[in-house]
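The values are calculated or read from the model by the stated rules, or taken from the named source; none is laboratory data. Bear in mind that the values here come from a model prediction, so they are computed numbers and not experimental data. A quick note on method: Cβ atoms are made from the backbone with ideal geometry, for glycine too, and the neighbour counts reach across all protein chains shown.
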Amino acid sequence: MSNQPGTGQRESWGPYPLILAGAAVGVLVVFVANPRWGGFVLGAAIMVAAALRFAGYGGQLALRSKRIDVITLSVFGFVLVLTSLLLYNNELKALILSLFAP
């Protein structure tokens, strides 16, 4: 069976609209309310995408192999959440930087 549109095979969106809505809310919060919480929401939406991809819900989230998708989304989401938590927290920044000090 061909993957061309109109050949009877439906395109599977999966959880893509949910993740897209979460990302849109995160970006909206960045611009309207607070960059710290907007980055947190955006990172959380990306980590939810990683969890859904790991659970087997691919749809439009499936771009590469499952393992590469999960690793990429997890790392990017974690870095966004961590960066948003560090944005205005000097004590937490100092603690993390002290871990890398010689």
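Worth pointing out:
- Residue check for Val79: assigned to a helix (DSSP H, G or I), out of contact with any helix residue (DSSP H, G or I) (no Cβ under 7 Å at 6 or more places or on another chain), touching a residue at least 24 places away in the same chain (Cβ under 8 Å) and surrounded by fewer than 17 Cβ atoms within 10 Å (Cβ to Cβ): yes
- Unique match (being at pLDDT 90 or above and either surrounded by 18 or more Cβ atoms within 10 Å (Cβ to Cβ) or closer than 25 Å to Ile96 by Cα (or both)) among Ala21, Ala44, Ala49: Ala44
- Residue in region 62-85 that is at pLDDT below 85, among the aliphatic types (A, V, I, L, M), under 18 Å from the mean Cα position of the chain (by Cα) and over 26 Å from Trp37 (Cβ atoms) present: yes
- Pairs meeting the criteria (first residue in region 33-57 and at positive phi, second residue of a type outside the set (Asp, Glu) and part of a helix (DSSP H, G or I), beta carbons under 9 Å, at least 6 apart or on different chains) are Gly56/Lys66.
- When region 67-76 is filtered for residues that are surrounded by fewer than 17 Cβ atoms within 10 Å (Cβ to Cβ) and either farther than 21 Å from Ala21 by Cβ or among the charged types (D, E, K, R) (or both), the ones remaining, listed by number, are Arg67, Ile68, Ile71, Val75.
- Any hit, region 6-15, residues being hydrophobic (A, V, I, L, M, F, W, C) and at pLDDT 90 or above: no
- Given (1) in a helix (DSSP H, G or I); (2) surrounded by fewer than 16 Cβ atoms within 10 Å (Cβ to Cβ), number of the condition Arg64 does not satisfy: (1)
- Of the residues making up region 27-37, just one is at pLDDT 90 or above and either buried (at least 18 other Cβ atoms within 10 Å of the Cβ) or touching a Lys or Arg at 6+ places or on another chain (Cβ under 7 Å) (or both), namely Val29.
- Of all residues in region 82-101, those being surrounded by 12 or more Cβ atoms within 10 Å (Cβ to Cβ) and outside any helix (DSSP H, G or I) number 2.
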